[in-house]
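Heads up, the thing below is written out as structure tokens.
The values are calculated or read from the model by the stated rules, or taken from the named source; none is laboratory data. Predicted, not measured: the structure shown is a model, and the values here were computed from it. Note that we place each Cβ from the backbone using ideal geometry, even for glycine, and neighbour counts take in every protein chain shown. Each accessible area value is taken on the protein alone, full model and side chains, heavy atoms only, with ligands, DNA and RNA left out. Shrake-Rupley method; radii C 1.70, N 1.55, O 1.52, S 1.80 Å.
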Amino acid sequence: LCYDPGSWEGIKSGGGGLVENSGLGCIAAVAQEAGHDVQMWQVPLNNITEDRVLERATECDVVAVSCMAYNADRAIRFAQQVRELRPEIRLITGGAGPSGMPEYFLPHFNAVVVGEGEQAFRFWLEGKVQDGIIKSPRNMRWDGQPFAIHNPEVMKNSRMCGAWPIPVADQILVSAEYGRGCPNNCWFCSTVNIMQRKVCWRSAESVAEELEQLIQLYGVNSVDFTDPTFGASRRKVLQLCEEFKCRGLDRKLSWFVTTDLKPRSGTAEMFAAMRETGCIKVGFGLEDPSAEARQSLDKGNVDIDDCREVMQQASDADLLVRTYLMLGTPDQDEASIENIKKVLQTWPIDELRVAIFCPFPGTRAWTDLQEQITVRDLAKYDTNCPVIASHWSDEDLVALRQDLLRMFYGSANYQYRRDARISSDPRYQNAYSEFETLMRRGGYI
Ligand code: B12
Ligand code: SF4
């Protein structure tokens with residue numbers, strides 16, 4: 001049994017989204033390929049209670065749990081309950097949480113995988129590696145295999161807010177992976193605990209084939225690529241766009257990617273090709289627009305004007321621009337906020353996500369900030385709760401985030417861009433309305 005003990009709490013940051021856990025799908029696929037009967041559950045996306053999953057778990061031989069830091073204690077509680085009920089069941093865990101703090105999980109699981117899980121899990125199932133902390137070494141790296149199990153019920157319930165131009169209610173969303181790995185090494189990021197820095201790509205054909213199957217089987221119409229830096233290779237992106245075009249997927253799918261803000265030659269052409277083949281939105285981790293802040297976050301030596309230029313290129317290609325910001329980082333103060341406000345009023349931004357800074361276990365930020373950490377309860381490590389002492393009180397920081405979101409969505413910049421979209425394609429009207437209703441319900445606007 002493969003399980004993700006999700007929870008709704010982690011989904012509130014500035015609009016939020018819900019999508020299947022594709023890492024869990026990769027693990028499930030390994031077990032299935034090895035001939036095991038596999039079931040996969042994700043709370044709350046599967047309409048199932050944790051108690052019911054527990055009942056099912058006790059009928060299995062192996063229970064594999066995927067989690068982040070914020071649901072680490074839920075994952076551990078679940079493992080403890082399984083052990084109490086049937087001590088002979090073998091328990092294994094992996095994902096962003098266990099990869100950053102394997103020792104924390106070890107007393108409750110037979111094995112804890114650090115990093116990519118496919119090979120490590122396969123070898124563990126075959127008895128080729130022993131119980132304990134399994135660090136995914138070089139020869140256990142992902143080999144670009146195109147499989148991951150997708151859970152139809154989870155897909156039906158998946159929601160990526162603001163998935164324009166498809167209104168949220170009509171969405172059948174799936175996660176997909178083209179490349180794995182991130183060439184950057186941001187100070188606060190957990191991804192570096194999981195993936196290597198060299199990006200390893202699947203073939204464009206295998207991604208397109210997988211999506212074709214998912215369209216046929218489940219009527220999927222939107223795709224969230226989980227690649228940390230989708231645009232790291234223009235050549236690979238153009239290959240994928242070409243493949244989508246040849247197979248007519250450009251007319252069947254809307255897709256969304258996240259990429260970095262490094263200026264690269266040919267980026268404008270790459271964005272144009274993406275837009276032409278169904279990409280609707282690109283997310284950028286700006287985090288903080290001040291050059292000093294970006295330097296201390298180790299966001300790479302990219303000039304802030306170049307960051308704006310990359311976003312402008314995406315916007316010029318008619319892609320919606322989603323921007324991620326972080327609040328409450330150690331160096332931020334009032335001047336930083338003024339700078340952020342200026343950017344929000346003038347840069348080409350269509351959608352904003354604001355996270356409260358969180359030093360995830362296992363990151364450099366976690367090590368460096370040990371003395372500033374005020375909250376040790378991991379359930380709060382979901383980027384909605386302040387967990388370090390910052391320039392603001394906790395209440396003020398949360399209020400500041402709300403103010404920034406309200407300011408942005410009430411700004412002339414946002415309204416102007418929104419109205420321009422709707423007049424260019426009336427289908428945006430419904431999508432914007434649904435998105436704004438969700439934002440209002442969440443108290444973000
Ligand atoms: C897609 C994504 C989402 C999606 C889907 C989340 C999900 N349920 O999977 C959405 C948008 C919903 C989301 C939300 C959140 N996310 Co998110 N997300 C990502 C992202 C960009 C990609 C994850 C992914 O699919 N990767 C591809 C798959 C193949 O890799 P993987 O999941 O790591 O799985 C591999 C290994 O980890 C391992 N593995 C995983 N599970 C298991 C289980 C077993 C048994 C084994 C053996 C191995 C194993 O093997 C897998 C295959 O190699 C990562 C950043 C990143 N690039 O990794 C952040 C990331 C995972 N998210 C993060 C966070 C904090 C969140 C939120 C809490 C808050 C927020 N602001 O977004 C919410 C929580 C929502 C929820 N209820 O789950 C953090 C986690 C940090 C941490 N240490 O806890 C990350 C690392 C980003 C970061 N800030 O550094 N997220
Ligand atoms: S670019 Fe994104 S995924 Fe890569 S290290 Fe930085 S924050 Fe992490």
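Accessible-area rank, largest first, for Leu54, Leu286: Leu54, Leu286, with all protein chains present and a 1.4 angstrom probe.
Over the chain, what is the relative contact order in percent, taking alpha-carbon pairs closer than 8 angstrom and at least six residues apart?
With pairs under 8 Å counted, the relative contact order is 15 percent.
Under 19 Å from a point placed 7 Å out from the Cα of Lys128 along the Cα-to-Cβ direction: which residues of region 175-207 have their backbone N that close? Inside the label zone: nothing. Extending 7 Å from the Cα toward the beta-carbon at both Arg441 and Asp333 defines two label points whose distance is 4.2 nm. For the chain, a crude dipole built from +1 on the beta carbon of Lys and Arg and -1 on the beta carbon of Asp and Glu, taken about the Cα centre, is about 500 debye to the nearest 20. Estimated at 0.36 nm per residue, the fully extended path between Asn47 and Asp403 surpasses their Cα-Cα distance by 124.7 nm. Between the listed residues Leu45, Val62, Gln130, the Cα displaced farthest toward the positive end of the dipole of region 44-142, a dipole computed from Cβ unit charges relative to the Cα centre, is found at Gln130.
Mind checking the per residue accessible area of the chain for me, 1.4 Å probe, whole number of Å²?
Values: 18270 Å² over 445 residues.
Per residue, the chain has 41 Å² of solvent-accessible surface.
Straight-line reach only, C-alpha to C-alpha below 19 angstrom: list the lysines that Lys281 could link to, leaving out same-chain residues fewer than 8 apart. Straight-line reach from Lys281, under 19 Å: Lys236, Lys245, Lys252, Lys262.
Ranking Met439, Gly362, Ala399 by Cα position along the charge dipole of region 351-445, where only Lys, Arg, Asp and Glu carry charges on their C-beta atoms, puts Met439 farthest toward the positive end.
Asp170 sits with roughly 90 Å² accessible to a 1.4 Å probe, with DNA, RNA and ligands left out of the calculation. Label-to-label distance, Lys245 versus Ser433, with points set 7 angstrom from Cα along the beta-carbon direction: 3.6 nm. In the elastic network of the chain, a GNM with C-alpha springs shorter than 10 Å, the most mobile of Gly115, Gly362, Gly410 is Gly410.
Helices in the chain, meaning DSSP H runs of at least 4 residues, each add -39500 (n - 2.57). Divided by all residues, the mean residue ellipticity at 222 nm is -12000 deg cm²/dmol. Please find, in a Gaussian network model of the chain (springs between Cα atoms separated by less than 10 Å), the residue of Ser203, Ser315, Ser158 whose mean-square fluctuation is greatest. Looking only at Ser203, Ser315, Ser158, the largest GNM fluctuation is found for Ser203. In order along region 102-118, the phi-based Karplus estimate (6.51 cos²θ - 1.76 cosθ + 1.60, θ = phi - 60°) of 3J(HN,Hα) comes to x, 4, 5, 8, 3, x, 10, 10, 6, 9, 10, 9, 9, x, 4, x, 4 Hz; Gly and Pro are listed as x.
For region 264-363, which trypsin sites (Lys or Arg not before Pro) are both in a DSSP coil and crowded by at most 15 other Cβ atoms within 10 Å?
On the way: sites: Arg264, Arg275, Lys281, Arg294, Lys299, Arg308, Arg322, Lys341, Lys342, Arg353; in loops: Arg264, Lys299.
Taking region 264-363 and a limit of 15 other Cβ atoms within 10 Å, the loop trypsin sites (Lys or Arg not before Pro) found are Arg264.
A simple spin-label model places pseudo-atoms 7 Å from Cα toward Cβ; at Arg376 and Asp37 they are separated by 4.4 nm. Just to be sure I understand: with springs between alpha-carbon atoms less than 10 Å apart, which residue in Tyr381, Tyr104, Tyr432 has the highest mean-square fluctuation in the Gaussian network model of the chain? The residue that fluctuates most here is Tyr104.
So, R0 is 30 Å and r is the distance between the beta-carbons of Tyr218 and Ser423; what FRET efficiency does that work out to, to 0.05?
Values: r = 33 Å, r/R0 = 1.11.
Efficiency, rounded to the nearest 0.05: 0.35.
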